[in-house]
Amino acid sequence: MNTINNSRRNFIKTAGTLAIGSTLPISLVELAFAESSQNFTFAYISDSHIQHIKDNRFVRNWDRGLIRAVAETNLLVPKPDFVMFGGDLAQLGSKAELDHGAQILSALHGNVHYVMGEHDYYLDLGEYWEKLFGPQYYSFDHKGVHFVVLNSIKTYDDWTFKRWPTAEQRMLEMAGLDNPNGSPFMVGEEQRSWLKNDLDKVDKDTPVVVFSHSPLQKIYKGWNFWTEDADQVQALLKPFKKVSVIYGHVHQIQYNQIGNISFNSVMATAWPWPYPQSYAQAEQYLPKLTVPMNRADPFFERDATGWQFINIANGNVDLNFTLYNNTSRVVRFNGKQKRPEDVVYQDEKARIVPQTHY
Amino acid sequence: MSIYQKLAMALCLAFAVTGSALADEFTDADIQRWQQQFMSVVAEGRELWTSPKLGTNGVACAQCHPNAANTHPETYPKFQKQLGKVVPVWEMINWCLRNPLEGQPLAADDPKMTALQAYITYERRGVKLDPGKH
């Protein structure tokens, strides 16, 4: 990949304007690419949790979050090269929910790639999802970047196949984030050996971006902000110069750097989750680097939810969070510090009161 | 002393002598029973917290508040800026029942409301009281 060029700076500058004037319609913001062959953007929508009530009724609140993200993504100028959907399209994995979600997403312009979430999976183990969206794990290349999509929300076979009398109960047990009957997520041996073969063919200088639903790092096991075999997956990614992992599931802004791997989470369109440290009874390992998002105001239905577009510049990812009822945020890779940083709030002194969680 | 007061005092003395119903004595068995009573209400609260049936749209409290996190019962009563007044935590619970859960509010002394408060407070045990905090 080339060194940073003007197009990237222009893009960031404009993204900064977007952050300040978050009420601006996105269509008015011209994102300038002088020479677009190396740098590009894609949009990322995640965790919509479309929830069926009964008959033709769905939970309005979650529907609105996804509809808004789709509408705003379509306003991005220039158009993102593709759109990622980060998993948990459905709440309880039913055909009704997946179909309804797929219909809302069908309004997106351009190519969409999908990641599997646990709420999509544990009713029929992804069978219907595959019919709608394709394979559960795969890779593709785009403008010199190697992209990998993993199904990171699998778990022990005993739990999946032997523990529950019905598929519906299995789904319900995994759907409860804090349910002690749940089970830790994992990529599993089959996918890890597939990943090894897939990466064997990729030059070590090629930037690699991995999409997973759960964090491929260990943050808090009690809520499955966790992937059991994260260390083994990280080991497979270690030989590459530039690696980024982008994950959903956590419904909040998180970022981290472990060796050569940058980690970034994406926002949910449905609802925000507390940071694990707000649960007083358990230890957790939220990355120190992460500057939390503002504490959500429940009286604004869409507060602390949103979507994001991602600028791939010089092989690293910059996350531009579009927050519906709040100031937008940008988490950008700092080439000197070799880690992702919030462009405004990273310094302790720059932080604001609502970022304190307790 | 009236005749009634004298009578009452005599009764008290009689109890004291026989050793029944001392006000300030209780046993390990008592504590165990009280704790069991409390924990059974906490368990009911957890049941309600995770139940899709508390409201009308299938949404459960735990969907946004796993382990009742970010409910901050130790900060109530507090000025709830969105309601424009100081409220106890049960008024905020009712706000959630009406809005995200699209359900009906509960009376302040409804056993379900007691159970919900018992559960969220139990999940915050050990955190110092900080009424009014934001």
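The calculated FRET efficiency for residue A:189 paired with residue B:21, based on their beta-carbon distance and R0 = 60 Å, is about 0.35. Between residue B:98 and residue A:201, the C-beta separation translates, for a Förster distance of 60 Å, into a calculated FRET efficiency of about 0.60. Shown here for segment A:311-358: trypsin sites (Lys or Arg not before Pro) in loop regions (DSSP other than H, G, I, E, B) with at most 13 other Cβ atoms within 10 Å, namely A:336, A:338. Counting neighbouring beta carbons within 10 Å and listing from fewest to most, the residues A:205, A:297 come out as A:205, A:297. In a reduced charge model with +1 at each Lys and Arg Cβ and -1 at each Asp and Glu Cβ, segment A:262-358 shows a dipole moment near 300 debye about its Cα centre. Answer rounded, prolate or oblate for segment B:37-134, using the Cα gyration tensor with square roots of eigenvalues a ≥ b ≥ c: rounded when a/c is under 1.5, else prolate when a/b is larger than b/c, else oblate. In terms of gyration-tensor shape, oblate. The helix-only estimate of mean residue ellipticity at 222 nm for chain A, built from DSSP H runs of length n ≥ 4 each weighted as -39500 (n - 2.57), is -6500 deg cm²/dmol after division by the residue total. Projecting each Cα onto the charge dipole of segment A:41-347 (Lys/Arg +1, Asp/Glu -1 at the beta carbon, about the Cα centre), which of A:334, A:290, A:222 comes out farthest on the positive side? Checking the options against the dipole of segment A:41-347, the answer is A:334.
Here A:84, B:39 are placed in order of increasing Cβ neighbour count within 10 Å, fewest first, which gives B:39, A:84. Computed from point charges on the beta carbon alone (+1 for Lys and Arg, -1 for Asp and Glu), the dipole magnitude for the protein assembly as shown about its Cα centre is near 1320 Debye. State which entries of A:131/A:154; A:143/A:288; A:79/A:196; A:54/A:218 exceed 27 angstrom in Cα-Cα distance in the structure shown. In this structure, A:143/A:288; A:79/A:196; A:54/A:218 exceed 27 Å between Cα atoms. Segment B:106-123 and segment A:123-191 have Cα centres spaced 36 Å apart. The ranking of A:204, A:218 from fewest to most other beta carbons within 10 Å of each one's beta carbon is A:204, A:218. Inter-part distance, segment A:284-358 to segment A:60-121, computed on C-alpha centroids, equals 22 Å. Magnitude of the charge dipole for segment B:37-134, about its Cα centre and with charges confined to Cβ atoms of Lys, Arg (+1) and Asp, Glu (-1), is about 300 debye. Just grab the label-to-label distance for residue A:138 and residue B:33, each label 7 Å out from Cα along the Cβ direction, in nm (one decimal). It is 6.6 nm. The mean count of C-beta atoms from other chains within 10 Å of the C-beta of residues in A:50-56, rounded to a whole number, is 2.
Laboratory data are not the source of any read-out in this text; all were calculated from the coordinates shown. Given the structure is predicted, the values throughout are model-derived calculations rather than measurements. Reconstructed Cβ throughout: ideal geometry from the backbone, glycine too, with neighbour counts over all protein chains shown.
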